[in-house]
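Asks: What follows is a single structure, and I will ask about it in a moment.
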Amino acid sequence: MSLLEPIVPTLLSVRRIPNADPALLAAYGADPTRHTSLGLVTCDQDDALYVALDEATKHAAVDVVFAKSFYAGSAHASGKLSGEILGVLAAAEPQSIEDGLAALTACLAHDACFYDADGARGVTVFPHVIGSLGHYLAKESGLAVGECLAYLVAPPLEATLGFDAALKAADVRAVKIVAPPTETNFACAWLTGHRRGDLAACRAAAAAFIDAVVDVALRPHAR
Amino acid sequence: MSSLTRALVAEVRARRGAADPMPPRIALPPVVAPPARVYVARRPPLTPGAASEHTTALLGIGHVGTRYATDVVLQFQAELAVAHEAVAAELTDGWAKDHGFLPLQTRVADHREYLLRPDLGRRLAPESLARLQAQAAKGVDVQVILADGLSALACMQAGPALYEATVAALRARGLTVGAPVCAKFARVWLEDEIGAEVGAKVAIILLGERPGLGTGDGLSAYLVHGPALGKTDGDRNMMSNLHARGTPADEAAPRLAALAHAMIQQGVSGVGLDLAKVDAVIERGYRAPQVRQRLVERGGAR
């Protein structure tokens, strides 16, 4: 373990329902008139999976109909396959689900993940930069598809200092700040550039966020 | 797949001073200072253990660190030297004649050849064969042969006594014994040719045995019924360790006589001999523990 080492998320279960019952589709937020197939995944990092689900919508004709974090996170899961999030992709036919799951899997393996913020995995940070939003996070954030976003997550106090640093370090604005506790007891902020598509500002904000979180993790009582 | 975030985090790590900083220091237990002498000679193991009270084998000799104690090494080297000396010794010229034996020699010419050519040590030289045919008594019950074997020292030191005791024990059983002969550069199987030449029913060869550590003075006795060229070791009976710390001559002689007598009675030797019918002079009673003879003085503080 070393400082800022990636902590690659684990897909705990991945299953498909090629032709789901309309009642089930409706219950999970899908539209039975458009959707027939579902893809269901659980993962041990909720925020990485939110990003990966959005990534899937960029590569396949899928909609993210359901994505919810579980209370208290994967360390307190209801079963060894539960992790801390269930995500559901819906599509008109099974092949779209396959394409979406492939994009989701690649994103989790190579892009979205938490990082070790103190060299001992006692504090973790999720300083994700999205260059181009898919339609899932676009809808969730109220931004347009294709805009950039800094998706910042950390434990409560670390995140609070981090948000402050990120907002001050770059020409960004807060799209949404979720004060702690979330379901998994972290805190979350979505930032985007004041100017549309200002990716450099999102990067600068994320870098400032990382520095602030690491500083708190290493010096929790510093004045 | 290129990742904006991975690249960003790598930049931050590099800016913080190291792309791969050292892991946090692991708390180690305090290191105890080494003793003044790392390998303290521990005296209790050097005193022989319970097992070594009953054997001369290298048991309970202790250690100092990972090595033997110096006095153990010195003792080992001294005992090895004893063995080397015994192997290197030769039966001196005239010794056989001086002690009343008919001197014989095998086809071996010198000591080196004796060690390298066991086959030559099993046959008599022509002049020795002629001397045996001319001077030895024929048609005896038992022909006893003294020989040097691999320890001429043992032959010269303990040989005559064992020979006399064996002959006396044989005669006590009413067996006739052949002429006293002593063979130089002899191997065990020489008894086949000598026994066949004199027409003995049983041939016994008493010869110095291959020395072990500290035992350069041991004799062995090999007995064969109906000696003839071509007999194998399966046709022989033997006793080994005939020396003061093993089986002394006064114990060995009655056993050898009993064995020879049983061979004549049963008409067979070796594997075919029924040892249960050997009239028992062999007592399996208490035997005093062997004592290792110290060849070097133990030095230093106790």
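The values are calculated or read from the model by the stated rules, or taken from the named source; none is laboratory data. Since the structure is predicted, the reported quantities are computational estimates derived from the model, not experimental observations. Here the Cβ positions follow ideal geometry from the backbone for every residue, glycine too, while neighbour counts run over all protein chains shown. For accessibility, only protein heavy atoms count, side chains too; no ligands or nucleic acids. Shrake-Rupley method; radii C 1.70, N 1.55, O 1.52, S 1.80 Å.
Asks: Picking from B:L116, B:L91, which residue would you name as being exposed (fewer than 15 other Cβ atoms within 10 Å of the Cβ) and under 20 Å from the mean Cα position of the chain (by Cα)?
Replies: Being exposed (fewer than 15 other Cβ atoms within 10 Å of the Cβ) and under 20 Å from the mean Cα position of the chain (by Cα) holds for just one of B:L116, B:L91, which is B:L116.
Asks: Right, B:A196: touching an Asp or Glu at 6+ places or on another chain (Cβ under 6 Å) and either surrounded by fewer than 23 Cβ atoms within 10 Å (Cβ to Cβ) or assigned to a strand (DSSP E or B) (or both) or not?
Replies: Taking the combined requirement at face value, the residue does not satisfy it.
Asks: While we're on this one: Which one is modelled with the lowest pLDDT, of the residues in region B:241-279 that are among the β-branched types (V, I, T), out of contact with any helix residue (DSSP H, G or I) (no Cβ under 6 Å at 6 or more places or on another chain) and not in a helix (DSSP H, G or I)?
Replies: Ranking the qualifying residues of region B:241-279, first place goes to B:T247.
Asks: Here's another thing I want to ask about it. What are the residues in region A:198-223 that are free of Cβ contacts under 8 Å to residues at least 60 places away in the same chain, away from chain B (no Cβ under 13 Å) and either of a type in the set (S, T, N, Q) or surrounded by 15 or more Cβ atoms within 10 Å (Cβ to Cβ) (or both), if any?
Replies: The answer is A:D198, and nothing else.
Asks: Go over the candidates B:P21, B:P34, B:P45 one by one and state the one that is over 30 Å from A:S132 (Cβ atoms), at pLDDT below 85 and within 10 Å of another protein chain (Cβ to nearest Cβ).
Replies: B:P21
To keep it simple, each residue is scored yes or no on (1) assigned to a strand (DSSP E or B); (2) surrounded by fewer than 23 Cβ atoms within 10 Å (Cβ to Cβ).
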| residue | (1), (2) |
| --- | --- |
| A:L3 | no, no |
| A:S13 | yes, yes |
| A:N19 | no, yes |
| A:L24 | no, yes |
| A:T33 | no, yes |
| A:Y50 | no, no |
| A:A61 | no, yes |
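Asks: Okay, moving on. Restricting the first residue to region A:3-16 and requiring it to be away from chain B (no Cβ under 14 Å), which pairs with a second residue that is among the aliphatic types (A, V, I, L, M) and exposed (fewer than 14 other Cβ atoms within 10 Å of the Cβ) meet a Cβ separation below 9 Å and a spacing of at least six or different chains?
Replies: Correct list of pairs: A:L12/A:L81; A:S13/A:L81.
Asks: In this structure, does B:D217 turn out to be touching a strand residue (DSSP E or B) at 6+ places or on another chain (Cβ under 6 Å) and either open to solvent by 30 Å² or more (accessible area, probe 1.4 Å) or within 16 Å of B:L150 (Cα to Cα) (or both)?
Replies: So B:D217 does not fit the description; no.
Asks: Report whether or not A:D44 is without any contact (Cβ under 8 Å) to a residue 60 or more places away in the chain, within 27 Å of A:H110 (Cβ to Cβ) and in the same structural domain as A:A72 (by TED's automatic domain parsing).
Replies: Spelling it out, A:D44 is indeed without any contact (Cβ under 8 Å) to a residue 60 or more places away in the chain, within 27 Å of A:H110 (Cβ to Cβ) and in the same structural domain as A:A72 (by TED's automatic domain parsing).
Asks: While we're here: Looking at A:L161, A:L152, A:L133, A:L104, can you tell me which residue is surrounded by fewer than 22 Cβ atoms within 10 Å (Cβ to Cβ) and either in contact (Cβ under 8 Å) with a residue 24 or more places away in the chain or aromatic (F, W, Y) (or both)?
Replies: So the residue among A:L161, A:L152, A:L133, A:L104 that is surrounded by fewer than 22 Cβ atoms within 10 Å (Cβ to Cβ) and either in contact (Cβ under 8 Å) with a residue 24 or more places away in the chain or aromatic (F, W, Y) (or both) is A:L161.
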